[in-house]
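Undergrad: Attaching a single structure in structure tokens format; questions to follow.
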Amino acid sequence: MKRHRSLASAAMAVMTILATACSAGGGSTAAGPTADTSALCTESANPVPADFQPAWSDLIAKAKAEGTLQIVAGTNVKAAEQPVWDCFGKTFGINVVVSTGSSSDINSRVLAERTQGRHTVDVSLLGSSGTNTFLKANAYAPLAPMLIHPDITDRSGWYLKDVPWFDAATKQYVTLYIATLVPNVLNIYYNTDKVTQEDLDSVQSLQDLLDPRWTGKIVVGNVAAGEADREATDAWMVLGQSFFDELLSKQSVGVVPLGGSRAYTDGILRSQWDMGVFGEFAISDINAAKDSGLPIANLTRTLKEGPDAAIEGQLGVFDPPANPAAAKLFVNWLLSKQGQTVYNALLVTKERPGSQSFRNDVPQGAIPDEDWNRLRTPGYKLTYDPDAFARARAEAQAYFKEKFAELKITP
Amino acid sequence: MTVDTIDTPVHAGGPTPPPTEDRKPKRRIRKGDFIMAAVVIVVGAYLLIPTLILLVMSLNTAPNILIDPWQWGTANWARVWSDPRVGPALWNSVSVWFWVSVISLPVSVGIALLLSRTNIYLSRALEFGFWVAYIFPSLAATYGWIDLLAPEWGFLNRAMATLPGVESGPFNVYSFWGIVFVRLMTDGIAFFVILLTPIFRNMDGSLEEAARISGMSGLRTSLRVTLPIMVAPIFIVAALQLIKFFQGFEVEYLLGSQFGYYVYSTLIYQMVYVDPDPQYANAVVLASITLIAIAAIIPLQRWIVHRKQYTTVASAYRASLIPLGRLRRLSTASVATLLIMLTIVPTLVVGVGSFMVRVGFFTTKPLWTTDHWRNVLSDPVFVKALLTTLLLAGVSAVVSPILFSLFAYAIVRTRWRGRAVLDGIIWTSAALPGILLGFGLLIMFLVTPGLKLLFGTIWPLIIVLIFAGITTGTNVFKGVLVQLHDSLEEAARVSGAGWLRTYLRVVIPILRPTMVLVGMLSFVHAANTTASIILLASRETTTLSIMSLQLGAGGRVEEGGIISLIIMALSLGLALPVRLIANRRGLPNDQSGVAAPTVTTEEQRVPTAV
């Protein structure tokens, strides 16, 4: 996931609290879609300007004739966004078929097909690793010419005045469509039975994780293998190499295998480790454990380094798509005001904490107040620098690979 | 007692040596030679082209062999060793196989002897129990033992922790010995027992009688008479186990992936499917190394089966049972306990775990839930996967035995040229791990005109699964056919029947129980397999086993376990009744004397495996 991390000042935490208190929005705190949202999933709920209507109607007709949209998506993306895609299918009467699995699995299958000229998929909604593999393979069609909906081309409805591109070098194949704002640059999960309030209070900065209290008590996702890619890059940009030198060398961190969400969560639950970072890949399992009363929680207090914001959600269309009109309709609908309204309304927020549309003209929907208000904190400006993020990502990946090998950190 | 001796090992299992007639100069070309040529080409193409594609690809040094312009060289073969996982994975493969074999072989031989050559109670029921154990899905057994032996939260560990003075349970299924144990509990023992027991049972009892008349004790008779006679079949079964091990995947993946422990097959999977940048080049090199390893098995196996003549089965054969005396009850209880551990324990544990909010955690609120079952059963992918699995398993169960029996017949009972080549191809095919066969086939389906259209449909999966058990299936048929006396076919041919008519009217009735055996093996394999089809299966054609594995590996062990239980229900609910019915129907023929001289008594309704 490519994103720009934009750290607000230390005062932002205070402003967030103020903004929360003063928020005029009556948003819910639901963790997922709870209201009757069926009215959102109709064509009549998608009005477009009159001059665009003929082109839009023509596109819808062609997409309906194709009848199917083939999406490839990461497991976590599917868990969070399936209701949104279902809504698209219901709106236009298109059968949405989702293929999910590990990025590598999807990469392997699709690239093998493409090598032989077979094109069976339309839209890619993968993590940064899988998306990069497709980019390197020139598997995506230029997306910029496909973005025809006035809601997209007119940037007045967005917090970002330019279309954000994941592909920093070419800026035309993969766009980003969600903002994620979280309390800290490193999300911290902990065992509530083992970590006392005193322990928590002692953590005022991420640097406090280097305290001997946590030696041998921290588990990390396998960042050397590409896990928690976005979070690792953000942390690299904020905390720098020295922090990770100490964390990895002195703290005897544990690591779970790539995709080992259950091992990560169970390891914390059964006190193998007291605390975990780089665990965004395990968020569904952590939520499930938390919901069933098991002793795990995440630190919601913002630490000294401040909160973190990311532009993410890689959206690309394959070249050529199996169903060109359906693919084009989907990306335009998803990025339209209507699509982003549906996104906020139907996103399973606990599967993607902190995420929301970064359009400024859509209702809060199911986005929790604290997340909604972070983006709307007075004085806060969402920015995105793809080049800086790409550079940091490359540096971080190389570092983690080398360091894990040097220290023989293995699952 | 009339004894017709048969040179059992002449063709048993291994590549068939050219018969004497083949060495005669200027033998005219027969119609059968053309048939054999066609079979060799078709089977060879199916099995060897993917292999060749992979070998060729191992020399493709392009950064991404699927994308970039191909470049040729041997750099991949040197570079693969720079991956720190490769060496340990190869060593781990040998270690796990060694310990599984070292433990399972004597245990299985002992159990097979108990079931077939002693007066143990309920021998037929216990033998059937091992059938159930073999059919029992390895996925379900693995989930069961995970639930029992997972560190800290495993049921058994938690129970141990309640004992005075015990802080935490001592077991850890996520370990080397955990993998060895679960391999033994899945098919390490059951596989041996179900193949060895019929062989031991079919052995001429007069040999043992003669030994005992000569003053040998029961134990000494077993060691000095029974076992030496059975060296060849035991070795062949061990070789099949080795091949099966090379094809093994699920146990090692579900357990090993949790603590970074790879065997070669799971490392290949890791390289191709899990590593952020798929490493096809390393994977195909690793597969090529296994080809070399398996190549050593064929000459070794041939050496063993040909170094000595083994005379075993008689026409008027009768079994004689060694009395166990005071050990009879103990032996029965021991075998029954093992069977319970192989089948009932994992079923119960997975069943109970599937109703827990989070298996192994007894402090959740609530503790019990039906959500996991609801999630699985309401998932539209599950319905598709169920239908796909039934289709694949059903077709495989019907077609595979017919095909393999024809292959075996052609190899063992005809003098067509090219038999040894076909036999060699079938044995060599076992070297190709399912996961790479799937990859090779993926490319083959995509590049071959005609086959290209099949990609993404159910047909590639059907073809793969029909052929998946070709080595085991064909060799099982060969084992039966080598015991078939020439006089049967000679009589048919004297009566004017050609080879096909002879096959249909004489051989098939004799083979019927074996066909059921192979059909069931095919059914079970098709219902359980993951590695060979995971790249070929689309979302529309995913199977229950793939779904279970993906759920389990993704951390949803309760739901993965539920699907494994459903696979078990399919296997036991459909396969076993069919086997029983077919065996019952096969009985009249056996008793009619059609199969004489080798099949004359009820004892031999159980198919001879090798």
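Undergrad: From B:ALA287, B:ALA283, B:ALA314, grab the single residue that is at pLDDT below 70 and buried (at least 22 other Cβ atoms within 10 Å of the Cβ).
TA: Sole residue among the options that is at pLDDT below 70 and buried (at least 22 other Cβ atoms within 10 Å of the Cβ): B:ALA314.
Undergrad: When the stretch B:122-175 is examined, which residues are found to be open to solvent by 20 Å² or more (accessible area, probe 1.4 Å), within 12 Å of another protein chain (Cβ to nearest Cβ) and either assigned to a helix (DSSP H, G or I) or among the small types (Gly, Ala, Ser) (or both)?
TA: B:ARG158, B:ALA161, B:SER168
Undergrad: B:LEU551 is checked against (1) open to solvent by less than 10 Å² (accessible area, probe 1.4 Å); (2) free of Cβ contacts under 8 Å to residues at least 60 places away in the same chain; (3) closer than 29 Å to B:LEU454 by Cβ and fails just one. What number does that condition carry?
TA: Evaluating B:LEU551 over (1) open to solvent by less than 10 Å² (accessible area, probe 1.4 Å); (2) free of Cβ contacts under 8 Å to residues at least 60 places away in the same chain; (3) closer than 29 Å to B:LEU454 by Cβ leaves (1) as the failure.
Undergrad: Given the criteria within 9 Å of chain B (Cβ to nearest Cβ), without any contact (Cβ under 8 Å) to a residue 24 or more places away in the chain, in a helix (DSSP H, G or I) and not small (Gly, Ala, Ser), does A:ASP285 qualify?
TA: no
Undergrad: State yes or no: is B:ALA239 of a type in the set (A, V, I, L, M, F, W, C) and either open to solvent by 10 Å² or more (accessible area, probe 1.4 Å) or at pLDDT 75 or above (or both)? Spell out how you get there, then give the answer.
TA: Working: of a type in the set (A, V, I, L, M, F, W, C): yes; either open to solvent by 10 Å² or more (accessible area, probe 1.4 Å) or at pLDDT 75 or above (or both): no.
No, not satisfied.
Undergrad: Taking the stretch A:268-282, which residues are crowded, with 23+ Cβ neighbours inside 10 Å and within 8 Å of another protein chain (Cβ to nearest Cβ)?
TA: Result: A:LEU269, A:ALA282.
Undergrad: Could you tell me whether A:TYR159 is more than 18 Å from A:LYS250 (Cβ to Cβ), out of contact with any Pro (no Cβ under 7 Å at 6 or more places or on another chain) and at pLDDT 95 or above? Step through it out loud before you land on a result.
TA: On the way: more than 18 Å from A:LYS250 (Cβ to Cβ): yes; out of contact with any Pro (no Cβ under 7 Å at 6 or more places or on another chain): yes; at pLDDT 95 or above: no.
Judged against the criteria, A:TYR159 is not a match.
Undergrad: Let me ask something else. State whether the residues of the stretch A:100-108 include one that is at pLDDT below 80, open to solvent by 10 Å² or more (accessible area, probe 1.4 Å), more than 16 Å from the chain's Cα centre (by Cα) and under 18 Å from A:ASP319 (Cβ atoms).
TA: For the stretch A:100-108, residues at pLDDT below 80, open to solvent by 10 Å² or more (accessible area, probe 1.4 Å), more than 16 Å from the chain's Cα centre (by Cα) and under 18 Å from A:ASP319 (Cβ atoms): absent.
Undergrad: Does B:LEU148 count as aliphatic (A, V, I, L, M) and farther than 22 Å from B:VAL349 by Cα?
TA: No: the conditions fail for B:LEU148.
Undergrad: Turning to a different aspect of this structure: Which ranges mark the helices (runs of 4 or more DSSP H) fully within the stretch A:297-411 that have 3 or more residues being more than 14 Å from chain B (Cβ to nearest Cβ) and either closer than 30 Å to A:ALA112 by Cα or hydroxyl-bearing (Ser, Thr, Tyr) (or both)?
TA: A:324-335, A:386-406
Undergrad: If B:VAL94 passes every condition in (1) open to solvent by less than 60 Å² (accessible area, probe 1.4 Å); (2) assigned to a helix (DSSP H, G or I); (3) among the aliphatic types (A, V, I, L, M) but one, which one does it miss?
TA: The failed condition is (1).
Undergrad: Please determine whether any residue of the stretch B:488-500 is on the phi < 0 side of the Ramachandran plot, open to solvent by 10 Å² or more (accessible area, probe 1.4 Å) and aromatic (Phe, Trp, Tyr).
TA: yes
Undergrad: Here's something else I'd like to know. Which residues, counting only those in the stretch A:135-150, are within 14 Å of another protein chain (Cβ to nearest Cβ) and in a helix (DSSP H, G or I)?
TA: Passing the criteria: A:LEU135, A:LYS136.
Undergrad: Here are the criteria: (1) buried (at least 16 other Cβ atoms within 10 Å of the Cβ); (2) over 30 Å from the mean Cα position of the chain (by Cα); (3) within 13 Å of chain A (Cβ to nearest Cβ). Tell me which single one B:LEU324 does not satisfy.
TA: Evaluating B:LEU324 over (1) buried (at least 16 other Cβ atoms within 10 Å of the Cβ); (2) over 30 Å from the mean Cα position of the chain (by Cα); (3) within 13 Å of chain A (Cβ to nearest Cβ) leaves (3) as the failure.
Undergrad: When you scan the stretch B:76-86, do you find a residue that is buried (at least 21 other Cβ atoms within 10 Å of the Cβ), of a type outside the set (Lys, Arg), within 14 Å of chain A (Cβ to nearest Cβ) and touching a Leu at 6+ places or on another chain (Cβ under 8 Å), even just one?
TA: No, there is no match, as no residue in the stretch B:76-86 is buried (at least 21 other Cβ atoms within 10 Å of the Cβ), of a type outside the set (Lys, Arg), within 14 Å of chain A (Cβ to nearest Cβ) and touching a Leu at 6+ places or on another chain (Cβ under 8 Å).
Undergrad: Something else: What helices (runs of 4 or more DSSP H), lying completely within the stretch B:490-577, carry at least 3 residues that are not hydrophobic (A, V, I, L, M, F, W, C)?
TA: Passing ranges, in order: B:508-528, B:544-553, B:557-570.
Undergrad: Anything in the stretch A:231-267 that is more than 12 Å from every other protein chain (Cβ to nearest Cβ), over 19 Å from A:THR410 (Cβ atoms) and either open to solvent by less than 10 Å² (accessible area, probe 1.4 Å) or not charged (D, E, K, R) (or both)? List them, or say none. Outline the logic, then answer.
TA: Looking only at the stretch A:231-267, we keep the residues that are more than 12 Å from every other protein chain (Cβ to nearest Cβ), and these are A:231-253.
From the residues that got through so far, the ones that are over 19 Å from A:THR410 (Cβ atoms) too are A:231, A:233-243, A:246.
A:GLU231, A:THR233, A:ASP234, A:ALA235, A:TRP236, A:MET237, A:VAL238, A:LEU239, A:GLY240, A:GLN241, A:SER242, A:PHE243, listed by residue number.
Undergrad: Only residues that are outside any helix (DSSP H, G or I) and either open to solvent by less than 10 Å² (accessible area, probe 1.4 Å) or more than 16 Å from B:ILE199 (Cβ to Cβ) (or both): list them for the stretch B:100-121, please. Outline the logic, then answer.
TA: Narrowing the stretch B:100-121 to residues outside any helix (DSSP H, G or I): B:118-121.
Listed by number, the residues that qualify are B:ASN119, B:ILE120, B:TYR121.
Undergrad: Taking the criterion of being within 11 Å of chain A (Cβ to nearest Cβ) and modelled with pLDDT under 75, would at least one residue in the stretch B:256-273 satisfy it?
TA: Within the stretch B:256-273, one or more residues are within 11 Å of chain A (Cβ to nearest Cβ) and modelled with pLDDT under 75.
Undergrad: Out of A:ASP229, A:ASP245, A:ASP208, report the one residue that is acidic (Asp, Glu) and out of contact with any helix residue (DSSP H, G or I) (no Cβ under 7 Å at 6 or more places or on another chain).
TA: On the way: A:ASP229 fails: out of contact with any helix residue (DSSP H, G or I) (no Cβ under 7 Å at 6 or more places or on another chain); A:ASP208 fails: out of contact with any helix residue (DSSP H, G or I) (no Cβ under 7 Å at 6 or more places or on another chain).
On inspection, the qualifying residue turns out to be A:ASP245.
Undergrad: Let me ask something else. Need the failing condition index for A:ASN132 against (1) touching a residue at least 12 places away in the same chain (Cβ under 8 Å); (2) surrounded by 21 or more Cβ atoms within 10 Å (Cβ to Cβ); (3) within 14 Å of chain B (Cβ to nearest Cβ), just the number.
TA: Of the numbered conditions (1) touching a residue at least 12 places away in the same chain (Cβ under 8 Å); (2) surrounded by 21 or more Cβ atoms within 10 Å (Cβ to Cβ); (3) within 14 Å of chain B (Cβ to nearest Cβ), the odd one out for A:ASN132 is (1).
Undergrad: Name the residues in the stretch A:69-102 that are hydroxyl-bearing (Ser, Thr, Tyr) and either at positive phi or more than 11 Å from chain B (Cβ to nearest Cβ) (or both), would you?
TA: A:THR91
Undergrad: So B:LEU453 ticks every box in (1) within 14 Å of another protein chain (Cβ to nearest Cβ); (2) open to solvent by less than 50 Å² (accessible area, probe 1.4 Å) but one. Which box is left unticked?
TA: B:LEU453 satisfies all of (1) within 14 Å of another protein chain (Cβ to nearest Cβ); (2) open to solvent by less than 50 Å² (accessible area, probe 1.4 Å) except (2).
Undergrad: Same structure, new question: Return the total of residues in the stretch A:109-129 being open to solvent by 40 Å² or more (accessible area, probe 1.4 Å) and more than 7 Å from chain B (Cβ to nearest Cβ).
TA: 3
Undergrad: In this structure, does A:ALA73 turn out to be out of contact with any Pro (no Cβ under 8 Å at 6 or more places or on another chain) and open to solvent by 10 Å² or more (accessible area, probe 1.4 Å)?
TA: Criteria not met by A:ALA73.
Undergrad: Taking the stretch B:391-409, which residues are open to solvent by less than 10 Å² (accessible area, probe 1.4 Å) and of a type outside the set (Phe, Trp, Tyr)?
TA: B:LEU392, B:ALA393, B:SER396, B:SER400, B:PRO401, B:SER405, B:ALA408
The values are calculated or read from the model by the stated rules, or taken from the named source; none is laboratory data. In this text the structure is predicted, and so the values were computed from the model without any measurement. All Cβ positions, even for glycine, are placed from backbone atoms using ideal geometry, and neighbour counts span all protein chains on display. The area values use the complete protein model at the heavy-atom level, side chains included, leaving out ligands, DNA and RNA. Shrake-Rupley method; radii C 1.70, N 1.55, O 1.52, S 1.80 Å.
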